[in-house]
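Coordinate-derived values only; no laboratory data. Here the structure is a predicted model, which is why all the values come from computation and not from measurement. Heads up, the Cβs are rebuilt from the backbone with ideal geometry, glycines too, and the neighbour counts pull from every protein chain shown.
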Amino acid sequence: MMIFKWCQENILRTFFVLAVVWALGVTVQGLLAGYDLTFLKADYQLSGTFGDSFGGLSAFMATAAAIGAWQAVAHQRKELENVGARESELDASAAKRDFEATFFRLMSTFQGVESEIRVNSFLKASIGKQAFDEMRISFNKIIERPKTDRNVAYREFFEEYRYNLAHYFRSIYNLVAFAERIRPKDCYFYIKMVRSTLSESELIMIALNGMYHPEGKVNFLPLIESYSLLDNVSSEDQVYYDLKSVYKDVAFDSALRLC
């Protein structure tokens with residue numbers, strides 16, 4: 001079995017060895033038959049008979065040449081396939097590098113938007129993540145009023161903080177949507193990095209946007225669920241803001257994601 005495999009992998013060598021064996025065999029046969037292989041004697045009958053013994057060898061070598069040409073074509077085809085594969089790998093690597101450059105630039109822009117959010121109160125000004133804590137407290141006060149409809153409450157809340165929230169939501173939505181559009185197979189890896197930078201209050205604001213804002217319901221809510229953006233929201237906040245009345249369980253638990 002091992003000899004047969006070696007012959008397959010070294011087909012030209014095999015033919016060469018067989019040709020040599022054939023030639024030696026014919027020569028030995030000639031010697032045993034009494035041919036004068038020095039051809040010093042002009043016995044054309046014997047020399048012609050001996051020469052005819054190599055007729056099969058010529059056909060044999062022609063076959064070997066044809067197989068060698070076939071092997072050369074096959075080798076060239078394999079080399080072209082390898083070149084194509086290497087080019088595909090280089091293209092994939094370049095595409096990933098370009099994506100990451102754009103993604104991290106968008107992420108930096110988003111974090112810049114986040115850091116510039118400012119909420120002024122009577123006693124102090126809250127900036128960045130602290131501003132989201134203040135906005136969350138403000139929303140809580142609105143929904144705790146007696147007989148308050150939460151859709152109406154959110155419209156009132158959003159109008160008060162539109163200047164801060166509209167730009168923030170556009171930035172994070174575009175960041176997540178870009179990752180999904182360009183790298184659908186591994187975008188969750190990048191989206192997890194975004195999620196890890198968000199505070200609890202930011203996650204609540206994002207959840208409320210998907211629940212109550214008209215554009216958020218259509219565009220952002222599916223992404224929030226698909227990529228478990230609310231994975232870090234506490235169970236207490238899930239209940240307090242009634243998030244599970246709108247969001248599927250996968251929004252809060254990345255282990256439920258199908259991929």
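Under 11 Å from a label point 7 Å along Cα→Cβ of ALA177: give me every residue in the stretch 193-217 with its amide N that close.
Of the residues in the stretch 193-217, 215-216 have backbone N under 11 Å from the label point off ALA177.
In what sequence, highest mean first, do 181-194, 142-155 appear when ranked by Cβ atoms within 10 angstrom?
Numbers: 181-194: 14.9, 142-155: 12.0.
Descending packing order for the listed peptides: 181-194, 142-155.
Rounded if a/c is under 1.5, else prolate if a/b is larger than b/c, else oblate: which is the stretch 114-259, with a ≥ b ≥ c the root eigenvalues of its Cα gyration tensor?
Prolate, because a/c is 1.5 or more and a/b exceeds b/c.
For the residue pair LEU256 and THR197, what label-to-label distance in nm results when each label sits 7 Å from Cα along the Cα-to-beta-carbon direction?
Simple spin-label model gives 2.7 nm for this pair.
Of the listed peptides 236-243, 125-132, what is their order by residue-averaged count of other C-beta atoms within 10 Å, with the highest listed first?
Working: 236-243: 14.5, 125-132: 17.4.
Put in order of decreasing packing, that is 125-132, 236-243.
Starting from the amide H of LEU198, placed 1.01 Å from N in the peptide plane, find each other amide H under 5 Å away whose residue is 5 or more places distant or on another chain.
Residues meeting the amide H criterion: none.
Looking at this model, which pairs from LYS192/LYS217; LYS147/LYS244; LYS96/LYS244; LYS192/LYS248 are more than 24 angstrom apart at the alpha-carbon?
LYS96/LYS244
Between the stretch 93-126 and the stretch 157-196, how far is it from one alpha carbon centroid to the other, in angstrom?
Here the two parts' Cα centres lie 10 Å apart.
How much length is gained if the chain between ILE143 and ASP249 is pulled fully straight, taking 0.36 nm per residue apart and subtracting their Cα-Cα distance, in nm to one decimal?
Difference between extended and current length: 35.8 nm.
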